[in-house]
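Here the structure is laid out as structure tokens; the discussion comes afterwards.
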Amino acid sequence: MGVFLDLKKYLADAVNDHASDIFIIAGKEISYSSNGKIISIGARLLPPDTETMICQIYDFAGRDIDILKKDHDDDFSFSLANVGRFRVNAFMQRGSLAAVLKVVLFQLPDPEVLRIPKQVIDLYERNKGFVLVTGPTGSGKSTTLACLIDKINKTREAHIITLEDPLEFLHKHDKSIVSQREIYMDTPSYERGLRAALREAPNVILLGEMRDFETISIAMSAAETGQLVFSTLHTLGAANTVDRIVD
């Protein structure tokens, strides 16, 4: 019980200090990045400590830790009441369990604070078509899409379906009805979830990532039949994006 309380307190302290990422790795104290600095708290962790803490994280998430032990890395998310929401990548390193937790605020991002161009946010006004947000990891693709979905949710009567791995931002029903499905938890794959979404009276579909040809093909078909589809690709420019889709 002591470890449970300590871990929850560490996470709360990190969130209160505006942490962006939290590191649980053997040989180092629990650490977090905040405003460009790495801050360490508590005592240096040994492999049994990281295993205990990561088991607690899996308990928080209601997830089977055997997934991690079988595949040696795992992505998922969880929420702690009165603390925050976290996107987790758990993995093996030097034979011990480790994890990096990305802090996801309950409050949806403000596009003006993030200085997202108005021309980008105005894409929410489209009623159909295919909108791709591209860029390298950490460039703000998911955050940009969350802003667009939030804008639609507040201004339009529609059914919005999101398919994400894992869920990052939680959208409450507003003018729209919002169905959020997490890959592996709510549907076995992007392809399966996207096929099902087309039978769920969608007006807007958010596809967290297009990972294979089949998913890209279904997404493009959905856009062609009158839905507004948003998605992301890990590419560095418009030309690379076209090449990636064609290939």
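The values are calculated or read from the model by the stated rules, or taken from the named source; none is laboratory data. Worth saying up front: this structure is predicted, and the values here are computed from it rather than measured. Ideal geometry is used to build each Cβ from the backbone, glycine not excepted, and the neighbour counts take in all protein chains shown.
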Requested in this report: Return yes or no: is Ser179 crowded, with 21+ Cβ neighbours inside 10 Å, modelled with pLDDT of 85 or more and in contact with a strand residue (DSSP E or B) (Cβ under 6 Å, 6 or more places away or on another chain)?
Outcome: no
Query raised in the report: Quick check: is even one residue across the stretch 135-144 surrounded by fewer than 17 Cβ atoms within 10 Å (Cβ to Cβ), over 19 Å from the mean Cα position of the chain (by Cα) and farther than 24 Å from Gly84 by Cα?
Result: no
Query raised in the report: Residues in the stretch 81-111 that are at pLDDT below 90 and either surrounded by fewer than 18 Cβ atoms within 10 Å (Cβ to Cβ) or farther than 18 Å from Phe23 by Cβ (or both): how many?
Result: 7
Requested in this report: Would you check which residues across the stretch 22-56 are assigned to a loop (DSSP other than H, G, I, E, B) and either among the basic types (Lys, Arg) or buried (at least 20 other Cβ atoms within 10 Å of the Cβ) (or both) and list them?
Outcome: Lys28, Arg44, Leu45
Query raised in the report: Which one of Asp59, Asp74 is surrounded by 14 or more Cβ atoms within 10 Å (Cβ to Cβ) and either in the same structural domain as Asp186 (by TED's automatic domain parsing) or not in a loop (DSSP other than H, G, I, E, B) (or both)?
Result: Asp74
Query raised in the report: If we keep just the residues of the stretch 9-21 that are exposed (fewer than 15 other Cβ atoms within 10 Å of the Cβ) and either modelled with pLDDT of 95 or more or among the charged types (D, E, K, R) (or both), which is farthest from the chain's Cα centre (by Cα)?
Result: Lys9
Requested in this report: Please identify the pairs in which a residue from the stretch 176-192 that is within 17 Å of Glu214 (Cβ to Cβ) has its Cβ atom under 6 Å from the Cβ atom of a residue that is in a strand (DSSP E or B), counting only partners at least 6 apart or on another chain.
Outcome: Thr187/Arg181; Tyr190/Leu163
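Look through Thr162, Thr241 and report the one residue that is within 13 Å of Val131 (Cα to Cα) and either outside any strand (DSSP E or B) or not assigned by TED's automatic domain parsing to the domain that holds Asp75 (or both).
Residue meeting the stated conditions: Thr241.
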